[in-house]
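Any read-out appearing in this document is the output of simple, stated calculations on the displayed coordinates, not a laboratory observation. Note that the structure is a prediction, hence the values are computed from the model and not measured. Don't worry about glycine lacking a Cβ; one is built from the backbone with ideal geometry, like all the others, and counts go over all protein chains shown.
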Amino acid sequence: MNGHSNGDLGSAGDIITQNQQRGWWTIGLINSRYRYLTAETFGFKINANGTSLKKKQIWTLEPASGNANDSMIYLRSHLDKYLAVDSFGNVTCESEEKEPGSKFHISVSDDNSGRWALRNVERGYFLGSSSDKLTCTAKVPGDAELWHVHLAARPQVNLRSIGRKRFAHLSESLDEIHVDANVPWGEDTLFTLEFRADEGGKYALHTCNNKYLSAGGKLQEQCTSTCLFSAEYHAGALALRDGAGAYLAPIGSKAVLKTRSTAVTRDELFSLEDSLPQAAFVAALNEKYVSVKQGVDVTANQDEISSHETFQLEFDWATRRWYIRTMQDRYWTLETGGGIQASGDNKSSNALFELEWQGDGAVAFRANNGKYLMTKRSGHLYANADAIDDNCKYYFYLINRPILVLKCEQGFVGPKGVRLECNKANYETIQVIRGPKGAVYFKGQNGKYWHADSESVTCDADSPQGFHLELREPTRLAIRAAAAKAYLAAAKNGNFRLAGPDLASATHWEY
C-alpha cells in the first residue's frame, strides 16, 4: 500500500469532521512553489515557507454565511487569528475578530488543476505569495494566486452523499463503491482519502481491500491518473473532480460512485464523517462472539462475526462511559433484574457502560448499577458480578480498522528503513491481522511484521508479535504488547518503543 502525506495535525485534525455539517474544514494551502501558508507562533508573522503540513500550517476554513450556494469564507490560524487584508493591501493575521477585510470568496481555477483562488471580498484582489511575503494585489489570479488545498482530515473517514443521504461502501463484488448504506457499518464503509503531493495535490480514494477508485467507477490495484481527483469546497461540502472536469456522484439504481456530470448539484456533494469505532467481543467463558442475532437478548453464542456481532461504541464525554449500539439502531440497556437487552432506542443512563481494560486483550463492562457484566452458562449477559473474574472478561476486536493509520503529537507512524518512527509528515497504512484472545498482529507494507522492545519498533520480523488495542477515547487508543505487558510510547525525537506497564506511560494514539 502507498502511504501518503496527511500532515502532523496537532489537535486541529479533530475539527474537520466534527464541524463538517456546518461547513468548517481544516486545511493546508500550498502555493505554486509548493510551500505551505504558515502562521508563525511569534509576532503574528505569516509567510508561505512551510515545507509540510504541521500545526503552524493548519487553517480553519469557516463559512461566512448560511447560504447554501455561497463560497464566502474566513480563514483562521492555529493561534485563533483571522487572515485579513488591510486598506493598504497588506496581508495580516493579528485579529481575533472577523473584520470586513477578512472575508474571502473561493473560486476554482478553470485550468483543471483543482487549485483555488481566494478573492478578498473587501478589496476585490486575489491572495497570492511572492518569494517571502503574502500579497493581495492581483486583479486576475495568476500562478502565484492559485493554491492547492490539503485537507487536514483524519485520513480514514466515512463518505456521506449530501443528495442521497446515504453512505458509501465497498460493493459485494468488491470492484465498485455503492452509495446506498443507511448507516456506515463495518470495515467496508471505511475509506482513506490520500493526498498525493507528488501528483499535483490531487486525492485518491483508497478502499479497505487495498484498491483505488477510478473515475469510471471500477476499483483498480494501482493508483493511476484516472484515480486522481481535485477537492472542491461548495458551501461546506466536498466535491471531487476528475482530470476531464467531471464530478464523482452516485449513479443509477445501484448508486455506483463514478464521474459523469461536469456541473455540481447536491448529487455531486459529500461530507467526510468520523468513522466511529466498531467492535466484536468474545466471551472468555465460552469463546463465543457476543451477538444480538436472536432479537433483543445480548448473548455470547456465535462462532462467526456478522453485522449482528458488530457493535458501535459511542463515547459520552460527560461520564467518560460508552453507549454500545447495534446495527438495528438499538442500544445495550440494563434491564430490571440485571439482564442486558438491545432494546433501548435512546441513550438512557442505563445504556452507559464503563470499559475497564484488563491488560490481556480483554475488557470488562461495568453497568449503571455498579455491577460487572458476566456470561451465564446459557450465554446470556447479566450485570450482577461484584468483582471481575474470567466470566466477566470479553476479548476485544476493533472490526472497522483492517487498515490502521496511527498518529501522535509528533506526527504519523511511518518507516525509516526497517525502524518505525512516529514523527512523519507522511503516514503509512498498517495491516491489522486478528489473532486469538483479543491479540492483533501489525504488518507493514513490506510484508513483514512489527517487532517492539524497550529500544525501538521495527518492521522486519517474519513471525508476528501480539499486541492488544485499548480504546481510550472515540479517536484514541493505547497499544500494549501482549507478552511484555508494556505500552507503546512516543518520544519527541520520533523514536517509539515499549515503555512501562502502567497506562500513565502510554501514548494515546490517534487512529
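Here the Karplus relation 6.51 cos²θ - 1.76 cosθ + 1.60, evaluated at θ = phi - 60°, turns the backbone of region 380-388 into coupling constants of 5, 9, 10, 9, 9, 9, 7, 9, 8 Hz, with x for every Gly and Pro. Among Phe167, Phe311, sorting on how many other beta-carbon atoms sit within 10 Å of each Cβ, with the fewest leading, yields Phe167, Phe311. Ordered by the number of other Cβ atoms lying within 10 Å of each residue's own Cβ, fewest first, Lys254, Lys165 fall into the sequence Lys165, Lys254. Within the shell of other residues whose beta carbon sits under 11 angstrom from the beta carbon of Cys136, the net charge comes to +1, with Lys and Arg scored +1 and Asp and Glu -1. Using the Cβ-Cβ distance between Lys437 and Ala244 with R0 = 41 Å, the FRET efficiency computed as 1/(1 + (r/R0)^6) comes to roughly 0.20. Pairwise inverse Cα distances across region 403-510, averaged and inverted, put the Kirkwood hydrodynamic radius at 13.5 Å.
Under a Cβ-only charge scheme (Lys and Arg +1, Asp and Glu -1), can you give me the dipole magnitude of the chain about the Cα centre, in debye to the nearest 20? Can you show the working numbers first?
Numbers: 57 positive and 60 negative charges, 55 e Å.
For the chain, the charge dipole is close to 260 debye.
Loop-located chymotrypsin sites (Phe, Trp or Tyr not before Pro) in region 52-159 (DSSP state not H, G, I, E or B) with no more than 16 neighbouring Cβ atoms inside 10 Å: Phe88. Using C-alpha pairs under 8 Å with a sequence gap of at least 6, the mean separation divided by the residue count of the chain gives a relative contact order of 10 percent. Loop-located GluC sites (Glu not before Pro) in region 67-132 (DSSP state not H, G, I, E or B) with no more than 10 neighbouring Cβ atoms inside 10 Å: Glu96, Glu97.
Please work out how much length the chain gains when fully extended from Asp111 to Ser505, using 0.36 nm per residue of separation minus the C-alpha to C-alpha distance, in nm with one decimal.
Difference between extended and current length: 136.7 nm.
Estimated from helical segments only, the mean residue ellipticity of the chain at 222 nm is 0 deg cm²/dmol, where each DSSP H run of four or more residues counts as -39500 (n - 2.57). Estimated from the Cβ-Cβ distance and a Förster radius of 41 angstrom, the FRET efficiency linking Gln294 and Ala483 is about 0.65. With the simple model of a label 7 Å out from the Cα in the direction of the Cβ, Thr319 to Val121 spans 4.3 nm. Each of Ala489, Ala246, Trp25 was placed along the dipole of the chain (beta-carbon charges, centred on the mean Cα), and the one lying farthest toward the positive end is Ala246. Since only Trp509, Gln220, Thr51 are under comparison, the one whose Cα sits farthest along the positive direction of the charge dipole of the chain, derived from C-beta charges on Lys, Arg, Asp and Glu, is Thr51.
Mind putting a number on the dipole of region 10-151 about its Cα centre? Charges go on the C-beta only, +1 for Lys and Arg and -1 for Asp and Glu, and I need it in Debye to the nearest 20. Please list the in-between numbers first.
Details: 16 positive and 16 negative charges, 57 e Å.
My answer is approximately 280 debye.
In loop segments of region 282-323 as defined by DSSP, the trypsin sites (Lys or Arg not before Pro) with at most 14 further C-beta atoms inside 10 Å of their C-beta are Lys293, Arg320. With the highest mean first, a sort of the peptides 325-337, 193-205 on other beta-carbon atoms found within 10 angstrom per residue produces 193-205, 325-337. When the P(r) of the chain is calculated, the portion above 34 Å amounts to 41% of the C-alpha pairs. A simple rule links phi to the HN-Hα coupling: the Karplus curve 6.51 cos²θ - 1.76 cosθ + 1.60 with θ = phi - 60°, which for region 154-164 gives 4, x, 9, 9, 9, 10, 10, 6, 5, x, 8 Hz, with x for Gly and Pro. For region 278-398, relative contact order (Cα pairs under 8 Å, six or more residues apart, normalised by length) works out to 25 percent.
Dipole size of region 403-510 about its Cα centre, with +1 on Lys/Arg Cβ and -1 on Asp/Glu Cβ: approximately 120 debye, rounded to the nearest 20. Extension gain, Arg377 to Asp453, is 23.4 nm, computed as 0.36 nm per intervening residue step minus the present C-alpha separation.
Based on Cα contacts under 8 Å between residues 6+ apart, region 156-274 shows a relative contact order of 27 percent.
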